[in-house]
Amino acid sequence: MTKHPLPSVTVLGLGSMGQALAGAFLDAGHPTTIWNRSDGKGDGLVARGAVRAATPGEAVRASEVVVVCVVDYDAAQAVLDRAAGDLPGRLLVNLTSDTPERAREAAAWAEALGVDYLDGAVMVPVPMIGTPDALVFHSGARSAYDKYETTLRALGGQSTHVGEDPGLAAVYDLSVLDFFWTAMHGMVHGFALAATEGVPGAAVAPYMKALAGLLASVVDGTAEDLDSGEFPGDLDNLTVEAANVRHLVRAAEHRGLDAAVLRGVLTAADRSIGLGHGADNWSSIVEGIRNPA
């Protein structure tokens, strides 16, 4: 490894995200080596100064920090197994999305080799990589994160370490995306319901945005309720809110829409009411979620 004021970085995997990661390291001035399982990717990165390695081992030997970002952990492990003997003494950062359990397994594999390991989750689309607003979760050895924090922040200004447990980045990833995709479904479903009555999406959109702002305003309070286990229902209660959801289910099904997600919400609410939370606030629906039939 040649002397350079900034740590050298290798990126294994040149899908759209991998290329964006490598590009961000190049933009930040890091000597960057790239490798991809199949040919034909990375020419633009090489033109910008990246070095293309012929094998994973060659790519790993070139750098202090090794970032892997491929389709899943099976693919990541297959690549890393080919370079296992070259990894000790380097930081391995796994930005491949999967479950907390898989992240902990990967960390244990790295620990057995004597390799510093960080698991990570990229929370933004490809075009945002390298921008001040890009959020990337990291978990694992805090000392390793602290040593290379500036390097990792080349990927996004909101890079953050969420804990020593290597599975925590995946936990944060799943939690936030659970919220995001459920909300995205609700938005599209609402537009679809309006369309059954000839109301265009553009007409409903301003009110969707207003409610999105309301949703943002209750996030902190909901988190406090769930953390404390107390669900004061002095302003609203689950029985009344479940009745509102019941109306939505009927309206959607009457119009021939798939109401499976709404029915799931109603089932969880009814289950919580059956557990004695009818007079509590909406957050108490968590009991129906935690106690599936």
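The values are calculated or read from the model by the stated rules, or taken from the named source; none is laboratory data. All values derive from a computational prediction rather than experimental measurement. Methodologically, a virtual Cβ is constructed for each residue, glycine included, from the backbone with ideal geometry; neighbour enumeration extends over all protein chains shown.
A few points about this structure:
- Residue match in segment 76-83 (condition: under 19 Å from GLU149 (Cα atoms) and not in a helix (DSSP H, G or I)): no
- Only one of the listed residues (ALA251, ALA279, ALA242) is closer than 25 Å to ALA223 by Cβ and in a helix (DSSP H, G or I). That residue is ALA242.
- Test: residue in segment 58-68 that is within 24 Å of VAL124 (Cα to Cα) and loosely packed, with under 13 Cβ neighbours inside 10 Å: no
- When we screen ALA121, ALA78, ALA103, ALA110 for residues that are surrounded by fewer than 17 Cβ atoms within 10 Å (Cβ to Cβ) and modelled with pLDDT of 95 or more, the only hit is ALA78.
- Of all residues making up segment 196-237, the number that are in a helix (DSSP H, G or I) and touching a Ser or Thr at 6+ places or on another chain (Cβ under 7 Å): 3
- Residue among THR131, THR96 that alone is in contact with a helix residue (DSSP H, G or I) (Cβ under 7 Å, 6 or more places away or on another chain) and in a loop (DSSP other than H, G, I, E, B): THR96
- The sole residue among LEU21, LEU87, LEU45, LEU26 that is assigned by TED's automatic domain parsing to the domain that holds VAL124 and closer than 21 Å to ALA112 by Cα is LEU87.
- Test: residue in segment 150-169 that is assigned to a loop (DSSP other than H, G, I, E, B), at negative phi and touching a Pro at 6+ places or on another chain (Cβ under 7 Å): yes
- Condition check for ALA195: touching a residue at least 12 places away in the same chain (Cβ under 8 Å) and surrounded by 12 or more Cβ atoms within 10 Å (Cβ to Cβ): no
- Taking the listed residues SER175, SER228, the one that is under 28 Å from the mean Cα position of the chain (by Cα), closer than 30 Å to ALA141 by Cβ, of a type in the set (Gly, Ala, Ser) and surrounded by fewer than 13 Cβ atoms within 10 Å (Cβ to Cβ) is SER175, with no other qualifying.
- Hits in segment 18-42 - residues which are assigned to a helix (DSSP H, G or I), touching a strand residue (DSSP E or B) at 6+ places or on another chain (Cβ under 7 Å) and surrounded by 21 or more Cβ atoms within 10 Å (Cβ to Cβ): GLY18, LEU21, ALA22, PHE25
- Any hit, segment 60-69, residues being modelled with pLDDT of 95 or more and more than 15 Å from SER8 (Cα to Cα): yes
- Checklist (1) under 21 Å from ASP116 (Cβ atoms); (2) without any contact (Cβ under 8 Å) to a residue 60 or more places away in the chain applied to GLY15, failing item: (1)
- Residues of segment 127-143 satisfying the condition of being in contact with a His (Cβ under 9 Å, 6 or more places away or on another chain) and surrounded by fewer than 21 Cβ atoms within 10 Å (Cβ to Cβ): ARG142
- Set ASP236, ASP220: member being assigned by TED's automatic domain parsing to the domain that holds GLY274, out of contact with any strand residue (DSSP E or B) (no Cβ under 8 Å at 6 or more places or on another chain), acidic (Asp, Glu) and touching a residue at least 40 places away in the same chain (Cβ under 8 Å): ASP236
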